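*Asks:* Right, I'll just put the structure down here and ask away after.
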Amino acid sequence: DLHQYLYQDYSLDILHNGGYYIDNYYNGKSSGYANAYHAAQGNYPSYLNGVSDKADAAYYDGSSNINDYFGYLKGDFALTDRLRWKTTVYGHGQKTLLTWSNPFDSSPNGAPMLEQVKRPSIARYGILSSLNYDIAHNHIEAGVWYENNRFLSSMYGYEQPLLGQGSPINSVGSFSKLSPFMQFYGQAINTNTFTAYAQDTYHILPNLALHFGFKSLLNVSHAGNAYYNTAYYGNDAMAGGVGLTTFRAFLPHISGDWHFLKHHELYFDIAENVHAYPQAQFKTAASPFAVTQSAYDISRPGLKPESDWAYAVGYRYSDKFMDATVHAYRVNFFNRLQMISSGAIINPQTIVANVGGITMNGVDAGLTIRPLRGLAFTNSLSYNHSTYDQNVQSGGMLYATKGAQVVAYPQLMYKTALSYTWHDLEAHIDASYTSRRNLSYTGDTKVPSYWLTNFGTRYNLTNFLKSSGRGQFVKGLEIDFSVYNLSNSHYVSTMGENGFPLSGDYQSFLVGAPRQYFGSVKAEF
């Protein structure tokens, strides 16, 4: 189970003109609801004076409540000394409540806001089965996977009280005794997925192996008849009575690994992949079904399953004193589906569009040296150049996305870490750098780069207790202390939770956590 209050989404406007510490009004006291109530009436706190969109800068609250149920039955049978059969049958259910206080619409009692509650649920059942066979220098494997997934998505409005006339809704509590006064939408999507694969790893020599395999995919999704509140949204409908199919009969994968000298290794990997159309709640992700019927009809001619060809080569070195890696890759994406968003995040305008191809080229390099016993110094560097291959046309306008870095992808990432172990004491400090990232598809808005530093130490008292004669009842005792974001840096973490704009600013990222201290004591008896 997960029950938590959510942080408010940020825009560059809120970040630059409101500051790093703006959040929703909820504070566990009546004053939090009073402040949100007054803001919904247009009386905003002074700290929002510089923000252009004060209404969306803070709501009363937002929360996430998730209940998962999972069960499986697994069988592993040695049919012969060379042949093994593995099968797993599973079921997974999930019920979710996602809430926001909506200051743009009133409750029936006259309160200037309502509680907006999304109620998505998942019920999926599947089976995985595989055969493994070893003969001579070959390891052969073949298998299948089938799953049925029923995804229900709906949203309701609940009444909030007049100020001073009752307690506001506890958004992380139970809604079982509450009745909504309206439904915004409802949709059911049923998906069947079937995958089959076969692969063989051939050990030509003890130090040389080649791998070849392929998989086939059939994915069929259908959105049934949907409910759409035209009195609230206007004259349209939710995407319903429509279906999409993803089918690929042959998706090859070939790789090789060669230990050509002691400590030295070369490898390569080539694969084709396809991504089935995803499921998502209304206006929340790049699912073709999570839009209005008119938006679906506009995007339908250009909808194709996203696919890619990925190529990689690399080198590894490993010995007692040093580990080194270099990994280079290229990925060509075709028919990338992205959600394009505009408007207030409570009720955004969204469309899922085929933005064409993406070309990704990158290099990862890492080096760890161990000059002294217990001491390790690690450095890693990642460079990624991912750009759109075409411009995007939307709403009668052409947006210059060709050559722009893919949204939310940093071009450069660097990490360094120093760790030391002395007897039962361990300590480490690490720092990482992330370069700026595009917020818009055209790249005219970006979030800044940042450094992040962490520190941690751990002491195992087990040997001390045993040597001092105090460990009769304690098998193990360990103390751990760490500091996250040691320098208390201000930075942007998650991006795109509400989609990305074609151009300009949008309220769709979260600021990172401030300096935090963690401590734990672990005991074994």
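*Asks:* Pull up the stretch 200-240, narrow it to residues that are crowded, with 16+ Cβ neighbours inside 10 Å and of a type in the set (Ser, Thr, Tyr), then point me to the one that is nearest to the chain's Cα centre (by Cα).
*Replies:* Going through the qualifying residues, I end up with Ser221.
*Asks:* Right, another one. Can you tell me which condition Gly357 does not meet? The list is (1) surrounded by 15 or more Cβ atoms within 10 Å (Cβ to Cβ); (2) more than 20 Å from the chain's Cα centre (by Cα); (3) within 30 Å of Thr230 (Cβ to Cβ); (4) of a type outside the set (D, E, K, R), and all the others hold.
*Replies:* (3)
*Asks:* Which one is farthest from Gly164 (Cα to Cα) among residues in the stretch 96-136 that are among the aromatic types (Phe, Trp, Tyr) and surrounded by fewer than 17 Cβ atoms within 10 Å (Cβ to Cβ)? Talk me through it step by step, then tell me what you get.
*Replies:* Going residue by residue through the stretch 96-136, those that are among the aromatic types (Phe, Trp, Tyr) are 100, 104, 125, 133.
Subset that is surrounded by fewer than 17 Cβ atoms within 10 Å (Cβ to Cβ): 104, 125, 133.
Working: Phe104: 20, Tyr125: 48, Tyr133: 71 Å.
Looking at the filtered set, the residue picked out is Tyr133.
*Asks:* For residues that are more than 19 Å from the chain's Cα centre (by Cα) and at pLDDT 95 or above, tally how many sit in the stretch 263-303. Break it down into steps so the answer makes sense when it comes.
*Replies:* Going residue by residue through the stretch 263-303, those that are more than 19 Å from the chain's Cα centre (by Cα) are 263-273, 289, 291-303.
Adding the requirement that they be at pLDDT 95 or above leaves 263-273.
Count: 11.
*Asks:* So, Gly314, is that one touching a residue at least 40 places away in the same chain (Cβ under 8 Å) and either surrounded by fewer than 17 Cβ atoms within 10 Å (Cβ to Cβ) or of a type in the set (S, T, N, Q) (or both) or not?
*Replies:* On the way: touching a residue at least 40 places away in the same chain (Cβ under 8 Å): yes; either surrounded by fewer than 17 Cβ atoms within 10 Å (Cβ to Cβ) or of a type in the set (S, T, N, Q) (or both): no.
No, not satisfied.
*Asks:* Only strands (runs of 3 or more DSSP E) wholly contained in the stretch 337-420 count here; list those with 2 or more residues that are farther than 24 Å from Thr453 by Cα and touching an Asp or Glu at 6+ places or on another chain (Cβ under 8 Å).
*Replies:* Numbers: elements: 337-342, 349-354, 358-369, 375-388, 392-394, 397-399.
Answer list for the stretch 337-420: 358-369.
Table: residues versus (1) within 27 Å of Tyr232 (Cβ to Cβ); (2) in contact with a Lys or Arg (Cβ under 7 Å, 6 or more places away or on another chain); (3) aliphatic (A, V, I, L, M); (4) touching a residue at least 24 places away in the same chain (Cβ under 8 Å).
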site: Met339; (1), (2), (3), (4): yes, no, yes, yes
site: Ile346; (1), (2), (3), (4): yes, no, yes, yes
site: Ile351; (1), (2), (3), (4): yes, no, yes, yes
site: Val355; (1), (2), (3), (4): no, yes, yes, yes
site: Val363; (1), (2), (3), (4): no, no, yes, yes
site: Thr368; (1), (2), (3), (4): no, no, no, yes
site: Phe377; (1), (2), (3), (4): no, no, no, yes
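*Asks:* I've got another one for you. Tally up the residues in the stretch 444-471 that are free of Cβ contacts under 8 Å to residues at least 40 places away in the same chain, assigned to a loop (DSSP other than H, G, I, E, B) and surrounded by 15 or more Cβ atoms within 10 Å (Cβ to Cβ), please.
*Replies:* Qualifying residue count, the stretch 444-471: 3.
*Asks:* Here's a follow-up. Out of everything in the stretch 472-482 that is in a strand (DSSP E or B) and surrounded by fewer than 18 Cβ atoms within 10 Å (Cβ to Cβ), what residue ends up being modelled with the lowest pLDDT? Don't jump to the end; show me each part of the working.
*Replies:* Of all residues in the stretch 472-482, those in a strand (DSSP E or B) come to 476-482.
Those still in the list that are surrounded by fewer than 18 Cβ atoms within 10 Å (Cβ to Cβ) too: 476, 478-482.
Values: Gly476: 84, Glu478: 93, Ile479: 96, Asp480: 97, Phe481: 98, Ser482: 98.
For the stretch 472-482, the residue satisfying everything is Gly476.
*Asks:* Oh, and also: Residues to consider are Leu163, Leu152; find the one that is touching a helix residue (DSSP H, G or I) at 6+ places or on another chain (Cβ under 7 Å) and either crowded, with 16+ Cβ neighbours inside 10 Å or within 28 Å of Ser287 (Cβ to Cβ) (or both). I'd like the intermediate steps shown before the answer.
*Replies:* Numbers: Leu152 fails: touching a helix residue (DSSP H, G or I) at 6+ places or on another chain (Cβ under 7 Å).
Answer to the check: Leu163.
*Asks:* Let me ask you something else. Please state which of the following conditions Tyr37 fails to meet, knowing it meets all the rest: (1) within 28 Å of the chain's Cα centre (by Cα); (2) not in a loop (DSSP other than H, G, I, E, B).
*Replies:* (1)
*Asks:* A further question on this structure: If only one of Ser520, Ser489, Ser503 is in contact with a strand residue (DSSP E or B) (Cβ under 8 Å, 6 or more places away or on another chain) and assigned to a strand (DSSP E or B), which one is it?
*Replies:* Just a single option satisfies the conditions, and that option is Ser520.
A quick yes/no check of all residues on (1) over 27 Å from the mean Cα position of the chain (by Cα); (2) more than 24 Å from Val492 (Cα to Cα):
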| residue | (1), (2) |
| --- | --- |
| His3 | no, no |
| Ile14 | no, no |
| Asn27 | yes, no |
| Gly42 | yes, yes |
| Leu48 | yes, no |
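*Asks:* What strands (runs of 3 or more DSSP E), lying completely within the stretch 59-130, carry at least 2 residues that are polar (S, T, N, Q)?
*Replies:* On the way: elements: 62-78, 83-102, 114-118.
Per the criteria, 62-78, 83-102.
*Asks:* Would you mind telling me which numbered condition in (1) within 30 Å of Ile189 (Cα to Cα); (2) part of a strand (DSSP E or B); (3) hydroxyl-bearing (Ser, Thr, Tyr) Thr325 fails?
*Replies:* (1)
*Asks:* A further question on this structure: If you check Ala271 against the conditions, is it under 30 Å from Pro206 (Cβ atoms), of a type in the set (A, V, I, L, M) and either surrounded by fewer than 16 Cβ atoms within 10 Å (Cβ to Cβ) or without any contact (Cβ under 8 Å) to a residue 60 or more places away in the chain (or both)?
*Replies:* On the way: under 30 Å from Pro206 (Cβ atoms): yes; of a type in the set (A, V, I, L, M): yes; either surrounded by fewer than 16 Cβ atoms within 10 Å (Cβ to Cβ) or without any contact (Cβ under 8 Å) to a residue 60 or more places away in the chain (or both): yes.
So Ala271 passes the test.
The values are calculated or read from the model by the stated rules, or taken from the named source; none is laboratory data. Everything numeric here is computed off the predicted structure, so don't read it as measured data. No Cβ is skipped: glycine too gets one built from the backbone with ideal geometry, and neighbour counts run over all protein chains shown.
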